[in-house]
Amino acid sequence: MRTWIDPFSASRSRLALLSLSTRDWSLFLDIDGTLLDIAERPDRVQVPPTLVRDLERISISLSGALALVSGRSIQWIDDAFDPLRLPTAGQHGSEIRVTDESVIVAKAVDLERVRALLQPLKSIDGVEIEDKGLTVAVHYRRARDRAAAKSAIETALATLDGTVEAVPGRFVYEVKAQAVNKGTAVARLSETSPFSGRMPVYFGDDHTDEYAFRETLSRGGIAVQVGPAQAPTGCLRIESPGETREWLAGLFRTTVAGDA
């Protein structure tokens, strides 16, 4: 008789302890593929209203030490999660908002040459170029021949200068300033109130999150790989964005207004 072992059970058990422990930890959450299910097109993702309410409740329970860390722009995040306004690192840390309404541009680079290099890709069926201002995402999820599309994107981006890099994600290449990433975003947020002095916990799903995984682990925190990719060394792993949302729904469920 074969005994089936749940490969996620140890991760679930460790994460469950967070809801029972003291609340001197901070939470950083990637969005696409981590909080939200990947959609066929980037503009078709759905934000469940219950998720917005859960994030608000958890932020109160952690005294505000909850941040979203994403390749999306802060403007897109605010619109998608309206009326919630959380500390946020957008465009892979190129822009950061901590506790007020002001957005700090962490690093800006000239992307005009990148835009010119990407121009010929617009003729490839299924390739979509998402220009977010401080970064550019090149999606090929909808390409009929993904291998060919991926090769064409890599060729187009092969001559980037040293100030810019292209980081592969799930059927996407994210072009951004080399000096910033989700790890530098976690580091910057972790040095500011209300995150400073807390143990970081980070959830992410793809290569762009590995910077944040490393930064989180270097600070003695917990890094969680979401989805089918192999978890990097030292990371916990859960199955899907649905499981992330389920965990959040149960976290600090008994919190009341005066228990923050």
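The values are calculated or read from the model by the stated rules, or taken from the named source; none is laboratory data. This one's a predicted model, so the numbers in the text were calculated from it and none came from an experiment. So basically every Cβ, Gly included, is an ideal-geometry build from the backbone, and we count neighbours across all protein chains shown.
Got a sec? Which of L117, L160, L111 is within 25 Å of R41 (Cα to Cα) and at pLDDT below 90?
L111
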Criterion violated by T216 - all others in (1) touching a residue at least 60 places away in the same chain (Cβ under 8 Å); (2) under 15 Å from the mean Cα position of the chain (by Cα); (3) within 23 Å of V52 (Cα to Cα) satisfied: (3)
Every residue in region 131-149 that is over 16 Å from G90 (Cα atoms) and either of a type in the set (A, V, I, L, M) or under 22 Å from the mean Cα position of the chain (by Cα) (or both), please. V138, H139, Y140, R141, R142, A143, A147, A148, A149
Which residue is nearest to the chain's Cα centre (by Cα), if the candidates are limited to region 9-54 and must be at pLDDT below 75 and either part of a helix (DSSP H, G or I) or not assigned by TED's automatic domain parsing to the domain that holds D78 (or both)? P42
Name the single residue, out of those in region 55-81 being part of a loop (DSSP other than H, G, I, E, B) and hydrophobic (A, V, I, L, M, F, W, C), that is farthest from the chain's Cα centre (by Cα). L62
Enumerated strands (runs of 3 or more DSSP E) restricted to region 84-166, each holding at least 3 residues that are assigned by TED's automatic domain parsing to the domain that holds S190: 88-90, 95-97
Within region 224-243, does at least one residue satisfy the condition of being assigned by TED's automatic domain parsing to the domain that holds A89, part of a helix (DSSP H, G or I), within 28 Å of A147 (Cβ to Cβ) and out of contact with any Lys or Arg (no Cβ under 9 Å at 6 or more places or on another chain)? yes
When you look at Q119, is it surrounded by fewer than 18 Cβ atoms within 10 Å (Cβ to Cβ) and either out of contact with any His (no Cβ under 8 Å at 6 or more places or on another chain) or not acidic (D, E) (or both), yes or no? yes
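Just one of A67, A106 is in contact with a helix residue (DSSP H, G or I) (Cβ under 8 Å, 6 or more places away or on another chain) and crowded, with 22+ Cβ neighbours inside 10 Å; which is it?
After ruling out the rest, the residue left standing is A67.
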For region 167-220, which residues satisfy the criterion of being surrounded by 20 or more Cβ atoms within 10 Å (Cβ to Cβ), at pLDDT below 95 and part of a strand (DSSP E or B)? V167, V172, Y173, E174, V175, K176, A177
